[in-house]
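Below is one structure; the comments refer to it alone.
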Amino acid sequence: MRIWPAIPVLALALSGGLSACAETRAEMREPVYRGADPVGLGDDLYGFLVTMENAADEAEVEDYVTCVVAGYAMEKEYGFARKVRVYVNEEGGVWSADAVYSITPALPRGAKTIDAGVTAADCAARGIPTV
């Protein structure tokens, strides 16, 4: 009775099964968007406080902020925004972002600008809420 050749095959089968479990868990992770509170700071500056759960990373939280800003700019009938700053924090599985954007009817100066209409459409396609 020979057992040794079966062990590598069994190990390979098990490792494939374990990676399938990891993929299933990753697929099950769904972001929960808890909402956003815009605050006028004066002139064209607006602050946004957003919270969400199950974010994969800081970039996903910043994507949510960008979508909220785009929706807010469109609601105000302004077409553009420029990121001033974004602070992201995670505590106990709840992610939050404190962001400041300039919202204007014309394309603002700077490198970190967004076109509200284009960004809102992209957010809708990705399933990220804008308000």
Zone reached by a paramagnetic label modelled 7 Å from Asp44 Cα along Cα→Cβ, restricted to the range 93-123 with backbone N below 14 Å, covers 101-116
Computed about the Cα centre, the charge dipole of the range 32-126 from +1 Lys/Arg and -1 Asp/Glu charges at the Cβ has a magnitude in debye, to the nearest 20, of 360 debye
Residue-ordered couplings for the range 52-63, obtained by feeding phi - 60° into the Karplus form 6.51 cos²θ - 1.76 cosθ + 1.60 and rounding to whole Hz (Gly and Pro as x), are 7, 10, 6, 6, 6, 6, 4, 4, 5, 5, 5, 4
Between Asp115 and Ala56, Cβ-based FRET efficiency (R0 35 Å, step 0.05) works out to 0.90
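Bear in mind these aren't lab numbers, they're just calculated from the coordinates by the rules spelled out. Everything numeric here is computed off the predicted structure, so don't read it as measured data. Reconstructed Cβ throughout: ideal geometry from the backbone, glycine too, with neighbour counts over all protein chains shown.
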